[in-house]
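The values are calculated or read from the model by the stated rules, or taken from the named source; none is laboratory data. Quantities reported herein were computed from a predicted structural model and do not represent experimental measurements. Counting neighbours? That spans all protein chains shown, and the Cβs are built from the backbone with ideal geometry, glycine included.
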Amino acid sequence: MRAPLARRCLVALVALVALAAPAAAQQRLAFVDSEVILKALPEYQTARQQVDRLAAEWQAELDAMQTEIDELVREFEARELLYTEEDRARALEEIAARRTEMGQYRRRQFGAEGELFRQEQQLLRPIQERVLEAIETVADDGGYDFVFDRSGDLVFLYAREAHNVTDLVLVELGIDPEVAGVGR
């Protein structure tokens, strides 16, 4: 729901800028590719790998829980006719309890306010803020009124490469674009 609203606001902003351009021809636009910038930052890659590793561990736990539940269901189905009403109820309760436990674990680890979100905030947010500060510095130094990120949902029908300030942001972060393999 947020992405369509954000996209509409961004499209409205771009349209407003385009309509206002004749009245204020001195406005300058630029764009960056934040994916390129983040990939060039070793500390971001390390943090991203750490978060991805945790997510993979938690997913493995979920997979193990699901395998266990599947085995309980197979066992129940194979022996259902042999169970007494009490045994059948106990087996179904066990399966339901394991499913509930799995759902709770999934929410704790991957939910909107889960551990994965907290780890991303703790490890990735400071790096992203540093990149944003560098973008702001480049925008101020270059006299740009707007800097867009072309790696997101915003689709550019045309973007003149001369307005790409990704390399300037890398330099502001102390990274040589040529050494990072992204220099143009």
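For the range 72-84, which residues satisfy the criterion of being in a helix (DSSP H, G or I) and not acidic (Asp, Glu)?
Leu72, Val73, Arg74, Phe76, Ala78, Arg79, Leu81, Leu82
Pick from Ala55, Ala134, Ala139: which is touching a residue at least 24 places away in the same chain (Cβ under 8 Å), touching a strand residue (DSSP E or B) at 6+ places or on another chain (Cβ under 6 Å) and surrounded by 12 or more Cβ atoms within 10 Å (Cβ to Cβ)?
Matching residue, one of Ala55, Ala134, Ala139: Ala139.
Within the range 18-28, identify whether any single residue is at pLDDT below 90, surrounded by 12 or more Cβ atoms within 10 Å (Cβ to Cβ) and in contact with a helix residue (DSSP H, G or I) (Cβ under 9 Å, 6 or more places away or on another chain), and answer yes or no.
Yes, the conditions are met somewhere in the range 18-28.
Being under 30 Å from Thr166 (Cβ atoms), in a helix (DSSP H, G or I) and not acidic (Asp, Glu) is the requirement here; does Ile69 meet it?
No; evaluated as a whole, the condition is false for this residue.
Please state which of the following conditions Phe148 fails to meet, knowing it meets all the rest: (1) assigned to a helix (DSSP H, G or I); (2) at pLDDT 85 or above.
With respect to (1) assigned to a helix (DSSP H, G or I); (2) at pLDDT 85 or above, Phe148 is out only on (1).
Of the residues that sit in the range 29-49 and are polar (S, T, N, Q) and surrounded by 13 or more Cβ atoms within 10 Å (Cβ to Cβ), which one is farthest from Ala134 (Cα to Cα)?
Gln45
Please find, among Arg98, Arg125, the residue that is over 28 Å from Ile175 (Cβ atoms) and among the basic types (Lys, Arg).
Matching residue, one of Arg98, Arg125: Arg98.
Need pairs with beta-carbon distance below 9 Å; first residue not assigned by TED's automatic domain parsing to the domain that holds Glu94 and within the range 62-79, second among the hydrophobic types (A, V, I, L, M, F, W, C) and assigned to a helix (DSSP H, G or I); sequence gap 6+ or separate chains.
Qualifying pairs under 9 Å: none.
For the range 100-122, which positions are farther than 12 Å from Leu62 by Cβ, free of Cβ contacts under 8 Å to residues at least 60 places away in the same chain and in a helix (DSSP H, G or I)?
Thr100, Phe117, Arg118, Gln121, Gln122
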